[in-house]
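Worksheet: the structure to be examined is printed underneath.
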There are 2 protein chains.
Amino acid sequence: MRIVIALGGNALLRRDEALTAENQRKNISIAAKALAPIARQHDLIISHGNGPQVGLLALQGMAYKASEVYPLDILDAETEGMIGYLIEQELANLLPVERPCATLLTQIEVDPKDPAFAQPTKPIGPFYSETEANQLARERGWSIARDGEHFRRIVASPRPKRIFELGVIELLVNQGVIVICAGGGGIPTVQLEDGRLIGVEAVIDKDLASSLLARQLKADIFLMLTDVDAIYDAWLEPEARAFRRVSPQAISEYVFATGSMAPKVEAACEFVEQTGGIAGIGQLKDTSRIMTGEAGTVIAPNMDGIRWWP
Amino acid sequence: MRIVIALGGNALLRRDEALTAENQRKNISIAAKALAPIARQHDLIISHGNGPQVGLLALQGMAYKASEVYPLDILDAETEGMIGYLIEQELANLLPVERPCATLLTQIEVDPKDPAFAQPTKPIGPFYSETEANQLARERGWSIARDGEHFRRIVASPRPKRIFELGVIELLVNQGVIVICAGGGGIPTVQLEDGRLIGVEAVIDKDLASSLLARQLKADIFLMLTDVDAIYDAWLEPEARAFRRVSPQAISEYVFATGSMAPKVEAACEFVEQTGGIAGIGQLKDTSRIMTGEAGTVIAPNMDGIRWWP
């Protein structure tokens, strides 16, 4: 089988942990142990989040020379290197040499006319005071929004349209290589009218990008691994209940939190509807059990009704 | 033909330029114009330096949280992402779609018993006062050395032994993909006794790593592009003269500056002696003319005597 797995940022770093190199390696080592059994048996393509890491690079850049902070496309490329390297090294350490891993920089096309560019929503990088925030907005044309007591830069989160390295990814997967790609949702790239590509300041949702990857690679299974054990209806409410198995049609009747579960559900539904494959959402430690329906939420075609946990 | 090109850090950033994103993109765009004609006609594998970029990341990390500075293997991976992305995007913009580019993270094995680890020589990152330097040496076990009026961290520069992603690189090149890899000399990696790989704090010389790449890929031509127009005997002396064409045996009678031309000459000689191919050293803008012997220094087998410029 061909399996695409999206590792959530929260699966790679607990929310209460400092973003040190040691913590990243420790968590990625745990993730690798969960993925290795799958990598031994199946075609495997791994994508990953990068929210905390891009935030760290933005903080470091601001702390050194605020006037020369790098744009988001380059920061994303840096995190694809950083995180991809650690995943590749830790996973390859658990696999036989005949199952090589490769980390591939990935540019993903977005539409410059995507309405997201007119209405940025994705907070990124450090917290600022109102004065600092206003100054940054003036000096750099950043969009700024209140985030609790502070202010943060917000950027567009346009939809992924095309994976430029798709042919190369496919070539490697067909030769038995485990490919790590599309990190952080891919490097957001626009095609200009003259045909040239240029990176843009945006963040593509990692789950939507991974869904595109899974669809275009005609994966059989698409897993999104995070720190929540399943998709819940009425999350955090007393009557909360977790979906066990549900069709795209049935789950689309429910409403989920924007920016967390909603894009995961959307990414899963797009994949299942367009390919007839199976999507799973749950915790990293349950990876194998999600695939067998013993944990997490499975979204599958042609389901009658909804099965709930427990 | 199969051609490996190593882009020197000084070919990608003039020594008097600030390391901004704009300057990097501008210079890489110029480099891409020089490489595109070769990419259209030949198999092409591109490696690159990363000295200024690793220095910048180290500075940014120190400015933000000095206690959580990332190790060099991870910083190297970040720069492979950053620089590889810009090369891939700028070069692909000049090529037809049937010549795709791919940027591959590259781990290169070094020997933990390499004598370089006992005698670090490669300066890296910010300049410190003597007090700061002594404190860093004490707190982190860094090796520190005087650099002019200041002090800098120095790290080991062990020899490259094995390119772990070689099979993947070869697979892509054989399918017509232009591969960008081994950036910054590759991520220095040690194989432990139990077989596991782990990144180490070191910097592999980019030219020696690129020579290994060129040899193992059985390249026909190996070019090292920098900001100096040729290899000189008696560089900076009144009697300085530039080699035009020379054999590995003949050039090995001369002495070159450690850390700049000496590793380039060594890298070229290793390649020519072991493969019978041709190595060239010169300026980026002369790329095509170095290949035809109209510029730069060519090191080739079976030469009688030395030809000098002009």
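Just so you know, all these numbers are worked out from the coordinates, no wet-lab data involved. Every value quoted in this text rests on a predicted model; they were computed, and no experiment measured them. Virtual Cβ from ideal backbone geometry, glycine too; neighbours counted across all protein chains shown.
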Point to revise | Dipole magnitude of region B:52-126, debye to nearest 20 (Cβ charges: Lys/Arg +1, Asp/Glu -1, about Cα centre) | key: 220 debye
Revision key, fill the gap. By the mean-Cβ-within-10 Å protection proxy, highest first, B:188-197, A:210-219, B:34-43 rank as A:210-219, B:34-43, B:188-197
Review point. Of A:Lys122/A:Lys206; A:Lys65/B:Lys33; A:Lys161/A:Lys264, which ones are farther than 19 Å apart at the Cα?
Key: A:Lys65/B:Lys33
**Study point:** Other-chain or far-sequence residues with amide H under 5 Å of B:Ile144's (modelled H)
**Key:** B:Ile154
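How large is the dipole of chain A about the Cα centre if only Lys and Arg carry +1 and Asp and Glu carry -1, each at its Cβ, rounded to the nearest 20 debye?
Charge dipole of chain A: 420 debye, to the nearest 20.
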Revision key, fill the gap. Under Stokes-Einstein, region B:75-195 at 20 °C and 1.002 mPa s, with its Kirkwood radius over C-alpha pairs, diffuses with a coefficient in µm²/s of 127 µm²/s
Exercise for review: Would you tell me the mean number of C-beta atoms belonging to other protein chains that fall within 10 Å of each C-beta in A:184-195, as a whole number?
Suggested key: 1
Check your understanding: Can you run phi through the Karplus equation (6.51, -1.76, 1.60; θ = phi - 60°) for region A:68-85 and list ³J(HN,Hα) in whole Hz, with x for Gly and Pro?
Key -> 10, 4, 7, x, 5, 5, 6, 4, 4, 4, 4, 6, 4, x, 4, 6, x, 4
Review point. Most fluctuating residue of B:Glu253, B:Glu80, B:Glu22 in a GNM of chain B with Cα springs under 10 Å: which is it?
Key: B:Glu253
Practice item. Starting from the amide H of A:Leu223, placed 1.01 Å from N in the peptide plane, find each other amide H under 5 Å away whose residue is 5 or more places distant or on another chain. Key: A:Val4, A:Ile5, A:Ala6, A:Gly280
Point to revise | Inter-chain shielding of A:165-172 (mean C-beta neighbours from other protein chains, 10 Å cut-off) | key: 5
Practice item. Just the number, please: Stokes-Einstein D of the protein assembly as shown in µm²/s, Kirkwood Rh from C-alpha pairs, 25 °C, 0.890 mPa s. Key: 97 µm²/s
Exercise for review: Work from the charge dipole of chain A (Cβ charges, +1 for Lys and Arg, -1 for Asp and Glu, about the Cα centre) and give the residue of A:Leu208, A:Leu136, A:Gln24 farthest towards its positive end.
Suggested key: A:Gln24
Check your understanding: So what are the three principal axis dimensions of region A:92-155 from its Cα atoms, in whole Å, longest to shortest?
Key -> 56, 30, 20
Review point. Using r as the Cβ-Cβ distance of A:Glu149 and B:Ala257, and R0 as 51 Å, what FRET efficiency do you calculate, to the nearest 0.05?
Key: 0.35
**Study point:** Hz values of 3J(HN,Hα) by residue in region B:260-268 - Karplus curve (6.51, -1.76, 1.60), Gly and Pro given as x
**Key:** 10, 7, 4, x, 5, 5, 4, 4, 5
Point to revise | Cα centroid separation, region A:99-124 to region A:181-207 (Å) | key: 4 Å
Check your understanding: Karplus couplings for region B:206-217 from phi (6.51 cos²θ - 1.76 cosθ + 1.60, θ = phi - 60°), rounded to Hz, Gly and Pro as x?
Key -> 5, 6, 5, 5, 5, 5, 4, 4, 5, 5, 6, 8
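Calculate how many DSSP beta bridges within region B:220-310 are antiparallel, expressed in % of all such bridges and rounded to the nearest 5.
Of all bridge pairs located within region B:220-310, approximately 45 percent are antiparallel.
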Revision key, fill the gap. Inter-part gap, Cα centre of region A:253-273 to Cα centre of region B:149-168, in whole angstrom, is 44 Å
Revision key, fill the gap. So the pair-distance distribution of region B:1-68, from every Cα-Cα distance in 5 Å bins, comes to percents of 3, 15, 22, 19, 14, 12, 8, 4, 3, 1
Point to revise | chain B - Rg (one decimal) and Dmax (whole number), Cα, Å | key: 19.2, 58
Review point. Which of the aspartates and glutamates could be linked to B:Lys113 by a straight reach, that is with a Cα gap under 13 Å, when you skip same-chain ones fewer than 8 residues away?
Key: B:Glu193
**Study point:** Average beta-carbon neighbours from other chains, 10 Å sphere, peptide A:68-74
**Key:** 5
Check your understanding: By how many nm would the segment from A:Trp308 to A:Asn134 lengthen if fully extended, with 0.36 nm per residue of separation less the alpha-carbon distance?
Key -> 57.9 nm
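How much FRET efficiency would the formula 1/(1 + (r/R0)^6) give for B:His42 and B:Ala63, where r is the Cβ-Cβ distance and R0 is 45 Å, rounded to 0.05?
Working from the Cβ atoms, E equals 0.55.
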Revision key, fill the gap. Relative to the compact-globule estimate 2.2 N^0.38 Å (N residues), the Cα gyration radius of region A:220-310 stands at a ratio of 0.96
Study note, to complete from the structure: Rounded to the nearest 5, the percent of antiparallel DSSP beta bridges in the protein assembly as shown equals 45 percent
